[in-house]
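The values are calculated or read from the model by the stated rules, or taken from the named source; none is laboratory data. Note that the coordinates shown come from a computational prediction; the quantities given were computed from them, not determined experimentally. Neighbour counts run over all protein chains shown; Cβ positions are idealised from the backbone, glycine included.
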Amino acid sequence: MTHTFHALPGGPLTGTLRVPGDKSISHRSIMLGAIADGVTQVTGFLEGEDALATMNAFRSMGVVMEGPDQGRVTIHGVGKHGLKAPQKNIDCGNSGTTMRLLSGLLAGQNFAVTLTGDDSLRRRPMARVTQPLAAMGAQIHAQEGGLPPLHIGATQSLQGIDYTLPVASAQVKSAVLLAGLYAMGKTAVTEPEPTRDHTERMLAAFGYPVHRAGATATVTGEGRLTGTAIEVPADISSAAFFMVGASICPGSDITLTAVGVNPTRTGIIHILTLMGADITLQNARLAGGEPVADIHVRYAPLHGIAVPEELVALAIDEFPVLFVAAANARGQTRVSGAAELRVKESDRIQVMADGLSLLGVRATPTADGMIIEGARAYGGGTINSHGDHRIAMSFAMAALCATGPITILDCANVATSFPGFDDLARQAGLRISAS
Ligand code: S3P
């Protein structure tokens, strides 16, 4: 298992790359395929540890699946009421999506279950899902402070809810909607600003009625899901590392193929373009209800910006690498309205500010963001990624423009979202090795 990355200055990044499948869509393909009637064929599935944790969870509840084999998974759906009590606690590993979406999907079952996870996940806030689910009648209990493990008791029925999300979170929205599949009457979720809508789109692809009006999505407990074919696009959150790498490293010219460009995920493209990046979309098409395109990125000098707050939720997982882009831009970049970054796989504001400062970048963390003075001249050093996959990959890209080597510790969790990252990065021109 890879624990340490060693990345040398240099580049450029060139060529045509296909990054692995979208993590959010991969999770949902298993969850909805499992409770559908009939068979679901998934292609492009992300064979990363997070999505595999979701597969294992459903296997432990009696769902038969073949694969993954080169991104193919066949799911023999058991229908909405066909899941069985697992023999053991469900281990969600490092995956917040697994825990939060499963808490909704399992809140209305007639069996009890306990959801747990690794050290990082056991520090992440769960009251945001337990509160609305309890209001629907779920017997759901977290530990002190709203932390995992989560215990969910057997329930005879849930009641629909009209819920306005206090934070912009696709995981909470999805948890409530999935519980709504098992609730009496209507379940409506209103979000304060748009977040990824893969659950709504995929429910529709499985033939489940979802009513969408403005910021509100509504389901009832009456529908059923019918097995289907799901083509998972490449993950824009994984493509983001190469988009930033190519943007900051002179001479770079890369094409990232078949990337999901759902408008609730393209904040990274908008923010980089505002900073002066040269990014074009080609071959735009639809795959299974999700927009897909090839993304062409060429080096272009970047300049600092105040990131518009309305783009934050649309790029929430891309801030670690956007901070690296900012470190390489001319002038100051300010990020605000991004307090959620503090409760991701690590405190991404503090951990990125610490790492950038160690390299010699002036990076000042704030309660809800960061102020970065673009330097375009920073050194090497040894960075602690705190077991956060996106921190590790972000500093690997930072090495392209550093004046010395960057060593990144605690990188094993890169396999949660981007297995084979170092191989693909090497192929593109990053001078990276792993040990
Ligand atoms: C995800 C939603 C986001 C994101 C996470 C995946 C999803 O979390 O950070 O990586 O698949 O719904 P929040 O909804 O908590 O912001």
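Within segment 361-380, the set of residues being at pLDDT 95 or above, surrounded by fewer than 16 Cβ atoms within 10 Å (Cβ to Cβ) and of a type in the set (G, A, S) comprises A367, G379. Pairs are defined by a Cβ separation below 7 Å, a sequence spacing of at least 6 or placement on different chains, a first member in segment 161-176 that is part of a loop (DSSP other than H, G, I, E, B), and a second member that is crowded, with 24+ Cβ neighbours inside 10 Å; the pairs so defined are I161/P132; I161/M136; I161/V176; I161/T187; L165/V172; L165/K173; L165/V189. The residues on offer are A168, A154, A142, A215, and the sole one that is more than 17 Å from L314 (Cβ to Cβ), within 16 Å of the ligand (Cβ to nearest atom) and among the small types (G, A, S) is A142.
Of everything in segment 146-160, what is part of a strand (DSSP E or B) and not β-branched (V, I, T)? Give them in sequence order. If the condition is that a residue be part of a strand (DSSP E or B) and not β-branched (V, I, T), then L147, P148, P149, L150, H151, L158, Q159 are the ones that fit. No other residue among Q41, Q109, Q87, Q70 is modelled with pLDDT of 95 or more, under 28 Å from V189 (Cα atoms) and not assigned by TED's automatic domain parsing to the domain that holds I316 apart from Q109.
Taking the listed residues L52, L46, L83, the one that is crowded, with 24+ Cβ neighbours inside 10 Å and of a type outside the set (D, E) is L46, with no other qualifying. Taking the conditions (1) within 19 Å of V307 (Cα to Cα); (2) within 23 Å of the chain's Cα centre (by Cα); (3) surrounded by fewer than 24 Cβ atoms within 10 Å (Cβ to Cβ) in turn, N384 satisfies each one other than (1).
Return the residue satisfying two criteria in turn: it lies in segment 231-258 and is among the β-branched types (V, I, T) and more than 17 Å from R28 (Cα to Cα), and of such residues it is nearest to the ligand (Cβ to nearest atom). I'd like the intermediate steps shown before the answer.
So the first thing to find is which residues in segment 231-258 are among the β-branched types (V, I, T), and the list is 232, 236, 244, 248, 254-255, 257.
Now restrict to residues that are more than 17 Å from R28 (Cα to Cα): 244, 248, 254-255, 257.
Numbers: V244: 17, I248: 23, I254: 23, T255: 25, T257: 22 Å.
Top of the filtered list is V244.
Scanning segment 311-326 finds no residues that are at pLDDT 95 or above, over 23 Å from G96 (Cβ atoms) and over 24 Å from the mean Cα position of the chain (by Cα).
Of the residues screened, R334 is not one that is within 15 Å of the ligand (Cβ to nearest atom) and outside the structural domain of G145 (by TED's automatic domain parsing). For segment 67-89, the condition holds for no residue, the condition being that it is away from the ligand (no atom under 16 Å from the Cβ), closer than 30 Å to T403 by Cβ, in contact with a strand residue (DSSP E or B) (Cβ under 8 Å, 6 or more places away or on another chain) and among the hydrophobic types (A, V, I, L, M, F, W, C). In the set P148, P132, only one residue is under 21 Å from A85 (Cα atoms) and within 16 Å of the ligand (Cβ to nearest atom); that residue is P148. If only residues of segment 90-124 that are of a type in the set (V, I, T) and surrounded by 20 or more Cβ atoms within 10 Å (Cβ to Cβ) are counted, the one that is nearest to the ligand (Cβ to nearest atom) is T97.
With respect to the conditions (1) within 16 Å of the ligand (Cβ to nearest atom); (2) in contact with a strand residue (DSSP E or B) (Cβ under 9 Å, 6 or more places away or on another chain), H27 falls short on a single one, namely (2). Screening the candidates A326, A277, A284, A353 for the property of being of a type outside the set (D, E), closer than 30 Å to V210 by Cα, in the same structural domain as T16 (by TED's automatic domain parsing) and away from the ligand (no atom under 16 Å from the Cβ) yields one hit, A284.
Of all residues in segment 177-200, those satisfying the criterion of being outside any strand (DSSP E or B), under 20 Å from N110 (Cβ atoms) and either away from the ligand (no atom under 12 Å from the Cβ) or under 14 Å from the mean Cα position of the chain (by Cα) (or both) are A179, G180, L181, Y182, G185.
When A339 is tested against (1) within 16 Å of the ligand (Cβ to nearest atom); (2) surrounded by fewer than 22 Cβ atoms within 10 Å (Cβ to Cβ); (3) more than 17 Å from the chain's Cα centre (by Cα); (4) not hydroxyl-bearing (S, T, Y), just one condition goes unmet, and that condition is (3).
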